[in-house]
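What follows is one structure encoded as structure tokens, with my remarks underneath.
Each reported figure results from applying straightforward, stated rules to the coordinates on display, with no laboratory input. The structure presented is a predicted model; accordingly, all values stated were derived computationally and were not measured. Note: ideal-geometry Cβ built from the backbone for every residue, glycine included; neighbour counts use all protein chains shown.
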Amino acid sequence: MASAAAAPSRSEWAANGPLLFSAFMGMPLTAAMSYSLGQFLVPLEQEFGWSRSQASTGFSLSLLLSFLATPLVGRLIDRSNARLLALSGIALSGLAISALSLATASTALWIALWCVVALAGVLIGPTVWIAVVSAAFEKNRSLAIALTLCGMSISAMFAPLTARWFIDMFGWRMAFPLVALLWAGPAFVVALFCFFH
């Protein structure tokens, strides 16, 4: 009896494992810049003579914008193709993070760039990944969602370290596109081949 119950559970993992892996890979991109920003603050302050609050204002406002836009994305997920949304969001997030390298001494431009990062980022926020994973899994739904959310821990562990290394090796301007490539590149490739629902 136990083996009969285990069979559907195993087949659920086999059928949806690639989808889960794709969601796991997409989650770190969502938070990569949140965890990396601290590494960029001192170089930005030195380059532009900004205070710490000026350097972090764009990020703070992007959080507010994300808060306001996330429910709209949830509605969009219900009405459209989550795969298309995820692939577009990954590509746009990578480009938006790269665009932070275009910053000048203008704090208005810095804030505008962060708003673009926020709007691209909500397209690949946890709502997208969890909605699809929870629909794909039934018997193991809670574990699948937990594994998806573990992707955030990957960026928490490695985003600051890699950002610091990129800044030290290539300077802060080049570090933004490299951070984008590091996190968006693999996420896009895996989603392209595995994120189906």
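Take the stretch 91-151, compute every pairwise Cα distance, and split them into 5 Å bins from 0; I just need the percent in each bin.
Bin by bin from 0 Å, the calculated values are 4, 17, 20, 14, 13, 11, 9, 7, 4, 2, 0.
Explain nothing, just the number: dipole magnitude of the chain about its Cα centre with +1 on each Lys and Arg Cβ and -1 on each Asp and Glu Cβ, in debye rounded to the nearest 20. Intermediate values should be presented prior to the final figure.
Values: 9 positive and 6 negative charges, 60 e Å.
Once rounded to the nearest 20, the dipole reads 280 debye.
Assuming R0 = 22 Å, what is the FRET efficiency of L102 and M157, from their Cβ-Cβ distance, to the nearest 0.05?
Plugging the Cβ-Cβ distance into 1/(1 + (r/R0)^6) gives 0.20.
Only helices at least 27 Å long along their axis, Cα-based, and averaging -1.0 or more on Kyte-Doolittle count here, so list those DSSP H runs from the chain.
Values: long enough: 2-48 (65 Å, 0.45); 52-79 (41 Å, 0.58); 141-170 (42 Å, 1.17); 172-194 (33 Å, 1.73).
The answer, listed by residue number, is 2-48, 52-79, 141-170, 172-194.
Is the shape of the stretch 1-109 rounded, prolate or oblate, going by the alpha carbon gyration tensor and its root eigenvalues a ≥ b ≥ c, with a/c under 1.5 for rounded and a/b larger than b/c for prolate?
Prolate.
Kirkwood Rh over Cα pairs of the stretch 137-197 into Stokes-Einstein at 4 °C, 1.567 mPa s: D in µm²/s?
Estimated diffusion coefficient is 96 µm²/s.
Only residues of the stretch 97-141 count here: report those whose backbone N is under 20 Å from the spot 7 Å along Cα→Cβ of E47, or say none.
97-118
What ranking, highest mean first, results for peptides 54-60, 29-35 when packing means the other Cβ atoms within 10 Å averaged over each residue?
By packing density, highest mean first, the sequence is 29-35, 54-60.
Quickly rank 99-106, 184-191 as a protection proxy: mean count of other C-beta atoms within 10 Å, highest first.
Packing proxy ranking, top to bottom: 184-191, 99-106.
Starting from the coordinates of the alpha-carbon atoms of the stretch 14-66, obtain the Kirkwood hydrodynamic radius over all distinct pairs and give the value in Å to one decimal.
Values: mean 1/r = 0.0755 Å⁻¹.
Computed over Cα pairs of the stretch 14-66, the Kirkwood hydrodynamic radius comes out at 13.2 Å.
Using the eigenvalues of the Cα gyration tensor, what equivalent ellipsoid semi-axes result for the chain when each is taken as the square root of five times the eigenvalue, whole Å, largest first?
35, 17, 13
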